[in-house]
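Asks: Shown below is the structure under consideration.
The values are calculated or read from the model by the stated rules, or taken from the named source; none is laboratory data. As the structure is a prediction and not an experimental result, all values here were calculated from the model. For neighbour counting, all protein chains shown are included, and Cβ atoms are generated from backbone atoms with ideal geometry for every residue, glycine included. Accessible surface is based on the protein model in full, side chains and every heavy atom, while ligands, DNA and RNA are left aside. Shrake-Rupley method; radii C 1.70, N 1.55, O 1.52, S 1.80 Å.
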Amino acid sequence: MWQADAQSQVVVDLDAIRANVRTLRSNTPAEVMAVVKADGYGHGMVASARAALSGGATWLGVCTLDEAFGLRDAGLATPVLAWLWLPGQPVGRAIGCDVDLSVASLSQLAAVTAGAREAGRAARIHLKIDTGLSRSGAAAPEWPQLVEAAGKAQADGYAEVIGVWSHFACADAPGHETVDRQLAGFADALDVAKRLGVEPQLRHMANSAATLTRPDTHFDLVRPGIAVYGLSPLDDPAVRAALRPAMTARARVLLAKRVPAGQGVSYGHTYVTQRASTVALVPLGYADGVPRHASNLGPVQLNGGRYTVAGRVCMDQFVVDVGDAEVAEGDEVVLFGPGDDGEPTADDWAEAVGTINYEIVTRFGSTRVPRIYRGDAA
Ligand SMILES: *Cc1c(COP(=O)(O)O)cnc(C)c1O
């Protein structure tokens, strides 16, 4: 699997992505929108999208218009929703290539109307209600006005209201009281829309956590992201077991050498050898996606043994103290993978570093580490 000249690699198992989507699909009557923003959470947007579609996803979700254009440019004709855009961006172009747009304000609606005129066809829009996340979405008091304006744009032929949607704040904490409160707010928003004559084809709310734990939030469509890539937003071991992590991050030892006892290692000498040891140099650093916070904390597997990053993670490299174990140049170091062979997982890294698995995999997305795809879905 190693190319002769590669010193580090992100391996993406597209069969895992396909299998995860199949699993999600088989647990809901709703359609599945695979969220492939942020370069497919670091896994590669287009390849991940294709694998997700082959697993039964019928929609793709992205943040930016550029991400949506990337899908269209790759020849993917699937419905796509883009939800993080600014009036002034190429909205007409998005409408022209059938990208659905989230609309959360009157100014966004005005931009969509102008874009529809430019494109010469109606924009496909999803009206977003803020039910308690206090991030995107129209606040409840502004909702009737937004719906009314959207209804008018629809009557005028500038827009087609495809969806009404919202997003959860705490779905990763099952039983959190905000989930029910947000659901109730969503029901109210749908009632208001209906009263104003706007009835969407699709109502959607559920991210991965809600998709996995709350069937009553699925409505017509679910929007899983992290679960598509095989990682769980919840601690629940049963959920983890049902998913298959798709990403493996690994490198090859660039140099191995003996150092004496009491030797400081890496910048700042925050690690000092307790005895004479072999140290191995791993050619991955914070510029490649390894969090600097993993200094003296990040777990790795090397020749079947588990070790911890020794000293600071540098921009391009870090060091592992293997004691008296045999290590040679070119040996494989696995930072994280699915865990099949006892290697650490993205969850282990997240726990070690004090973050979430999302951040661990996403960081490896846009760096110089070569990405290779594996699996029949490739
Ligand atoms: C990122 C995102 C999702 C997917 O969230 P996960 O927790 O990764 O499943 C769904 N909806 C919106 C609006 C998002 O921004």
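Asks: Which whole number in µm²/s is D for the range 9-93 by Stokes-Einstein, with the Kirkwood Rh taken over Cα pairs at 20 °C and 1.002 mPa s?
Replies: 162
Asks: Using 0.36 nm times the number of residues separating Ala276 and Ser134, minus their current alpha carbon distance, what extension gain do you get?
Replies: Answer, rounded to one decimal: 45.6 nm.
Asks: Now for a different question. Angle check, please: helix 177-195 long axis (alpha carbons) against the longest principal axis of the chain (alpha carbons), in degrees 0 to 90, nearest 10.
Replies: The angle comes out near 30 degrees.
Asks: Sticking with this one: Using only alpha carbon pairs under 8 Å that are at least six residues apart, calculate the relative contact order of the chain and give it in whole percent.
Replies: Answer for the chain is 18 percent.
Asks: Okay, moving on. Could you check the spin-label model distance between Asp331 and Leu86? Points 7 Å from the Cα along Cα→Cβ, value in nm.
Replies: 5.0
Asks: Also, I was wondering about something else. Taking 0.36 nm per intervening residue step and subtracting the Cα-Cα distance, what contour gain separates Thr178 from Arg195 on full extension?
Replies: Taking 0.36 nm per residue and subtracting the Cα distance, the gain is 3.6 nm.
Asks: Express the relative contact order of the range 58-227 as a whole percentage, based on alpha carbon pairs under 8 Å and six or more residues apart in sequence.
Replies: Relative contact order comes out at 15 percent.
Asks: Looking only at Val228, Val35, Val279, which one moves most when the chain is put into a Gaussian network model with springs between Cα atoms under 10 Å?
Replies: Highest fluctuation of the listed residues: Val279.
Asks: Which number comes out as Rg/Rh for the chain once both Rg and the Kirkwood Rh are worked out on C-alpha atoms?
Replies: Using only Cα positions, Rg/Rh for the chain is 1.06.
Asks: Grab the DSSP H runs of the chain that are 4 residues or longer, score each as -39,500 (n - 2.57), total them, divide by all residues and round the 222 nm result to the nearest 500 deg cm²/dmol.
Replies: -9000 deg cm²/dmol
Asks: Tell me the angle of helix 106-119 to the major Cα principal axis of the chain, expressed in degrees between 0 and 90 and rounded to the nearest ten.
Replies: 80
Asks: Just how many % of Cα pairs in the range 36-154 lie over 20 Å apart, if you round to the nearest whole percent?
Replies: Everything past 20 Å amounts to 43 percent.
Asks: Quantify, in whole percent, the carbon and sulfur part of the accessible surface of the range 224-378 (1.4 Å probe; protein heavy atoms only).
Replies: 48
Asks: Ok, one more. Can you tell me the length gained on complete extension of the stretch Asn27 to Arg121, counting 0.36 nm per residue apart and subtracting the Cα distance?
Replies: Full extension from Asn27 to Arg121 adds 30.2 nm.
Asks: Let me ask something additional. With a bin width of 5 angstrom, please list the P(r) values of the range 58-227 as percents of all Cα-Cα pairs, from the 0 bin to the one holding the largest distance.
Replies: In whole percents, the pair-distance histogram is 2, 9, 19, 22, 20, 15, 9, 4, 1, 0.
Asks: What span do the alpha-carbon atoms of the range 242-378 cover on each of the three principal axes, reported in whole Å from largest to smallest?
Replies: Computed over the Cα atoms, the extents are 48, 28, 27 Å.
Asks: Also, quick follow-up: For Glu148, project a label point 7 Å along Cα to C-beta. Then give me every residue of the range 79-93 with its amide nitrogen under 17 Å of that point.
Replies: Within reach of a label on Glu148: no residues.
Asks: Going Cα to Cα from Lys37, which lysines come in below 22 Å? Please leave out same-chain ones fewer than 8 positions away.
Replies: Output for Lys37: Lys128.
Asks: Compute the Cα gyration tensor for the range 180-293, then decide on rounded, prolate or oblate, letting a ≥ b ≥ c be the square roots of its eigenvalues: rounded whenever a/c is under 1.5, prolate when a/b is larger than b/c in the other cases, and oblate in all that remain.
Replies: Prolate is the answer for the range 180-293, as a/c is 1.5 or above and a/b outweighs b/c.
Asks: To test your reading of the geometry: what angle, between 0 and 90 degrees and rounded to tens, separates the Cα axis of helix 14-26 from the longest principal axis of the chain?
Replies: Result, in degrees: 40.
Asks: Quick one: if the Förster radius is 30 Å, what FRET efficiency do Val259 and Glu351 give, using the C-beta to C-beta distance and rounding to 0.05?
Replies: 0.55
Asks: Give me the 1.4 Å probe accessible area per residue for the range 247-374, excluding ligands and nucleic acids, in Å².
Replies: Per residue, the range 247-374 has 45 Å² of solvent-accessible surface.
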